[in-house]
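Everything on this sheet refers to the single structure shown next.
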Amino acid sequence: MGMTMTQKILAAHAGLPSVKAGQLINADLDIVLGNDITTPVAINEFEKAGFDSVYDKSRVNIVLDHFVPNKDIKAAEQSKQCRQFACKYQIENFYDVGEMGIEHALLPEKGIVTAGDCIIGADSHTCTYGAVGAFSTGVGSTDMAAGMATGKCWFKVPAAMKFVLTGSLPKGVSGKDVILHIIGMIGVDGALYKSMEFTGPGVAALSMDDRLTICNMAIEAGAKNGIFPVDDVTRAYLDGRSQREYKVYEADEDAEYTDVYEIDLSCLVPTVSYPHLPENTHPVTDAGDIAIDQVVIGSCTNGRMSDMEAAYEILKGKHVKKGLRVIIIPGTMAVYKECLKRGYTEAFIDAGCVVSTPTCGPCLGGYMGILAAGERCVSTTNRNFVGRMGHVTSEVYLASPAVAAASALTGYISDPREVL
Amino acid sequence: MNAKGFVHKYPDNVDTDVIIPARYLNTPDAKELAAHCMEDIDPDFTKKMKPGDIIVGGFNFGCGSSREHAPLAIKTAGVSCVIAKTFARIFYRNSINIGLPILECEAASDGIEAGDEVEINFDTGVITNRTKNETYQAEPFPEFIQNIIRCGGLMKSLKEGGHE
């Protein structure tokens, strides 16, 4: 029996000729990642266990992104602990205010993660890097601590689901709609413990930003990882960017999949996940008149340049609905700067939006856009659980940047195809 | 090893945001986290629970964020075991890694009701419902994972060389 793309990467990193689903392995790690929320817990575990060095100071990454610039004294203490640890162990990829970005926007942009890698991150959206052809998965702080100390992590080799993509996306429809559609189809535990492998002729027409968004939300279907094959789009993205030589793995012809789904991208429509689960998806055309109080455009899911562009195309020269708070958060300092250079920032401000420096803030109800009781937000983030963005009776509707921007103009959930 | 306690029951897809809301993630202190355990799904949880009590969920318990603060809050609050039909994979790893006992058992999740008194034998995986006089058999952990649990968590297993 052949191996899936994920299984091939895992076998290579475990030093085994082959692996099969369900097998427990110990794999070598190319990259270990943590943020300002998860790293302090990892540091405490690392030090409590008596370790006094990291396995490779060039492979451990600490990105302060959740509560920075620090939202309160306690958050400041957590950042300080990360900073002191990074200094003590000479962590090369430590990103603080001024050069940080939202971790899953930053690491691909800087070429830190690359094709063929085996990556863990103490953040559930670490699955994002499957977009560049890596095995990448979210873990907890103790796994991060063990990974920093040993450069290894235990895994149960996942079975895989195959998503065969055909056609190409219509105007106004993006990678966000693809992944929301899939989560709606298979449910929030539809891919539990498994890999989601995306393949088929439709892949070629998906941009790297779309692929990053799609893999980012694999966790919202319960998946261990999402992964795209390495093709010309990947090579064009990685060449001149990847900090290390990359390695291309391909699934075997006879690899086994528990499920195979065919998705015609040309049939997809702008999709919205209603509260309080990402699987609760509806076509935007069914939204009717759901009035909103706030719009958030950003996050590790949709804070990249093409997301800013999608918002700009809709908001330029117009004004957001009176009474609505519209918060736009470029994902990295490079995206932030590019928005300034292209005139997006000025257009957003003229349209009545606020533009923040990179932060995860509102996505997880940290700061920078907390919702009051009963308030509704259309957000390009990734979760709409009870209380996710604030009060337990507030509501989050997940959507693409185009839907979010169109909704910002009207004050209710709106179809971007009507304003494009 | 055994556990015994009264059950607090929850539905499918209990996410880590309701187990420990992000507004409390500005500290890694386990006791502070435990004070807010389950706050957004069951505001009175910390008032009504007694040490040794058991949490029973449905499918996909612990979904969402990778925050280890969630199993840490549950463990530190004094919960002796979480039983669910399935666990979200990061929560599953985190629980094993920090030494919070968890068991996957669909029959137990279906049969047990809130307030039932339940006893668990971790060596055999047998869950006994004292209130209803029923028993359920949980899935045993693979040997590799049992070793981590025996060592008292991942970091201790690394130090004892049990991991390589």
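When B:Glu113 is tested against the conditions (1) among the acidic types (Asp, Glu); (2) within 14 Å of another protein chain (Cβ to nearest Cβ); (3) under 16 Å from B:Pro11 (Cβ atoms), the lone failure is (2). Exactly one residue out of A:Leu10, A:Leu16 is away from chain B (no Cβ under 14 Å), open to solvent by less than 10 Å² (accessible area, probe 1.4 Å) and more than 21 Å from the chain's Cα centre (by Cα), and it is A:Leu10. Please enumerate the residues belonging to region A:337-357 that are under 18 Å from A:Gln294 (Cα atoms) and either at pLDDT below 95 or buried (at least 22 other Cβ atoms within 10 Å of the Cβ) (or both). The answer is A:Phe348, A:Cys353. Annotation note: of A:Ile263, A:Ile314, the sole residue that is in contact with a helix residue (DSSP H, G or I) (Cβ under 9 Å, 6 or more places away or on another chain) and over 23 Å from A:Val203 (Cβ atoms) is A:Ile314. Tallying residues that are charged (D, E, K, R) and more than 22 Å from the chain's Cα centre (by Cα) within region A:141-172 yields 3.
Checking each residue in region A:272-283 for being under 15 Å from A:Tyr412 (Cα atoms) and buried (at least 24 other Cβ atoms within 10 Å of the Cβ) picks out A:Val272, A:Ser273. Scanning region A:390-410 for residues that are at the interface with chain B (Cβ under 9 Å from one of its Cβ atoms) and either surrounded by 24 or more Cβ atoms within 10 Å (Cβ to Cβ) or assigned to a loop (DSSP other than H, G, I, E, B) (or both) yields a single hit, A:Val392.
Taking region A:373-419 as the range and being farther than 18 Å from A:Lys321 by Cβ and either at pLDDT below 95 or among the polar types (S, T, N, Q) (or both) as the test, the residues that pass are A:Thr381, A:Asn382, A:Asn384, A:Thr393, A:Ser394, A:Ser400.
Residues of region B:46-84 being surrounded by 21 or more Cβ atoms within 10 Å (Cβ to Cβ), outside any loop (DSSP other than H, G, I, E, B) and away from chain A (no Cβ under 14 Å), which ones? Across region B:46-84, the qualifying residues are B:Ile54, B:Ile55, B:Val56, B:Ala77, B:Cys81, B:Val82, B:Ile83. Counted as qualifying within region A:264-379 are the helices (runs of 4 or more DSSP H) with 2 or more residues that are small (Gly, Ala, Ser), namely A:305-315.
So that you can scan it fast, the table gives a plain yes or no per residue for (1) hydrophobic (A, V, I, L, M, F, W, C); (2) closer than 22 Å to A:Gly369 by Cα:
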residue: A:Ile37; (1), (2): yes, yes
residue: A:Val41; (1), (2): yes, no
residue: A:Asn44; (1), (2): no, no
residue: A:Gly50; (1), (2): no, no
residue: A:Val54; (1), (2): yes, no
residue: A:Arg59; (1), (2): no, no
residue: A:Ile62; (1), (2): yes, no
residue: A:Asn70; (1), (2): no, yes
residue: A:Ala75; (1), (2): yes, yes
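Which is within 30 Å of B:Phe144 (Cβ to Cβ), in contact with an Asp or Glu (Cβ under 8 Å, 6 or more places away or on another chain) and surrounded by fewer than 21 Cβ atoms within 10 Å (Cβ to Cβ), of A:Ala204, A:Ala159? Exactly one residue qualifies, and that residue is A:Ala159. Within the bounds of region A:104-116, is there any residue that is within 14 Å of chain B (Cβ to nearest Cβ), out of contact with any helix residue (DSSP H, G or I) (no Cβ under 7 Å at 6 or more places or on another chain) and aliphatic (A, V, I, L, M)? Within region A:104-116, none of the residues are within 14 Å of chain B (Cβ to nearest Cβ), out of contact with any helix residue (DSSP H, G or I) (no Cβ under 7 Å at 6 or more places or on another chain) and aliphatic (A, V, I, L, M). Would you check which residues across region A:367-382 are more than 15 Å from B:Asp40 (Cα to Cα), open to solvent by less than 10 Å² (accessible area, probe 1.4 Å) and within 13 Å of chain B (Cβ to nearest Cβ) and list them? Matches in region A:367-382: A:Thr381, A:Asn382. Considered as a group, the residues in region A:46-103 that are without any contact (Cβ under 8 Å) to a residue 60 or more places away in the chain and on the phi > 0 side of the Ramachandran plot include one that is surrounded by the most Cβ atoms within 10 Å (Cβ to Cβ), and that residue is A:Gln90.
Residues considered: A:Val419, A:Val386. Of these, the only one that is open to solvent by 10 Å² or more (accessible area, probe 1.4 Å) and under 20 Å from B:Arg67 (Cα atoms) is A:Val386. When restricted to residues that are of a type in the set (Ser, Thr, Tyr) and open to solvent by less than 10 Å² (accessible area, probe 1.4 Å), region A:307-336 contains 1.
The values are calculated or read from the model by the stated rules, or taken from the named source; none is laboratory data. The structure displayed is predicted, hence computed values, not measured ones. When we count neighbours, we look across all protein chains shown, and the Cβ atoms used for this are built from the backbone with ideal geometry, even at glycine. Heavy atoms of the whole protein, side chains included, go into the accessibility calculation; ligands, DNA and RNA do not. Shrake-Rupley method; radii C 1.70, N 1.55, O 1.52, S 1.80 Å.
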